[in-house]
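Participant: Pasting in a structure now, in structure tokens, and then I'll have a few things to ask.
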Amino acid sequence: MKLQLTRSEGRKVFTAYGEAYVEVNTTRYANSIVVLQNRVIEAWTQANFESLSLADFEFLAALDAEIVLLGSGPVLRFPRPELLVPFMQARKGFETMDNHAACRTYNLLTGEGRKVAAALILG
């Protein structure tokens with residue numbers, strides 16, 4: 001599905017998504033990524049959803065974002081509660097949703113000027 005935005009103003013935004021890929025500013029990605037307003041971090045984890053580790057969540061909590069959206073794949077899944085400790089310690093927001101919802105929510109929040117990151121499990 002292609003996403004239509006009025007303006008991205010130099011920010012990284014999702015421009016399309018599908019079954020096992022996303023596009024950020026028309027560049028296609030098929031491996032897990034993190035998208036922030038000014039950069040894309042490729043291959044942020046080699047884990048699938050079930051094997052996400054505390055180190056993965058510590059990395060995400062340390063990002064320069066006030067809220068992190070975790071795209072859990074094609075369906076909504078919730079991480080184990082102990083993985084959320086880095087977010088509580090950093091006093092940062094965290095939401096989990098399926099990848100497509102994470103892409104749409106990220107675009108909405110970044111369009112409002114919020115400091116948001118989207119971490120997507122792909123592949």
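Participant: Condition check: surrounded by fewer than 20 Cβ atoms within 10 Å (Cβ to Cβ), among the acidic types (D, E) and more than 13 Å from the chain's Cα centre (by Cα). Does E19 satisfy that?
Facilitator: Yes, satisfied.
Participant: If you take the residues of region 84-112 that are among the charged types (D, E, K, R) and touching a strand residue (DSSP E or B) at 6+ places or on another chain (Cβ under 9 Å), which of them is nearest to I67 (Cα to Cα)?
Facilitator: K92
Participant: Here's another thing I want to ask about it. Find the residue count for region 40-49, including only residues that are within 12 Å of the chain's Cα centre (by Cα) and either exposed (fewer than 11 other Cβ atoms within 10 Å of the Cβ) or acidic (D, E) (or both).
Facilitator: 1
Participant: Looking at region 111-123, which of its residues are assigned to a loop (DSSP other than H, G, I, E, B) and either small (G, A, S) or surrounded by fewer than 17 Cβ atoms within 10 Å (Cβ to Cβ) (or both)?
Facilitator: Result: E112, G113, R114, K115, G123.
Participant: Considering only strands (runs of 3 or more DSSP E) fully contained in region 5-110, which possess at least 2 residues that are more than 16 Å from L122 (Cβ to Cβ) and without any contact (Cβ under 8 Å) to a residue 24 or more places away in the chain?
Facilitator: none
Participant: Next up: Quick one: which of L60, L76, L52 is touching a helix residue (DSSP H, G or I) at 6+ places or on another chain (Cβ under 8 Å), surrounded by fewer than 18 Cβ atoms within 10 Å (Cβ to Cβ) and modelled with pLDDT of 95 or more?
Facilitator: Residue meeting the stated conditions: L76.
The values are calculated or read from the model by the stated rules, or taken from the named source; none is laboratory data. Source: prediction; values computed, not measured. Backbone-built Cβ (ideal geometry, glycine too); neighbour counts: all protein chains shown.
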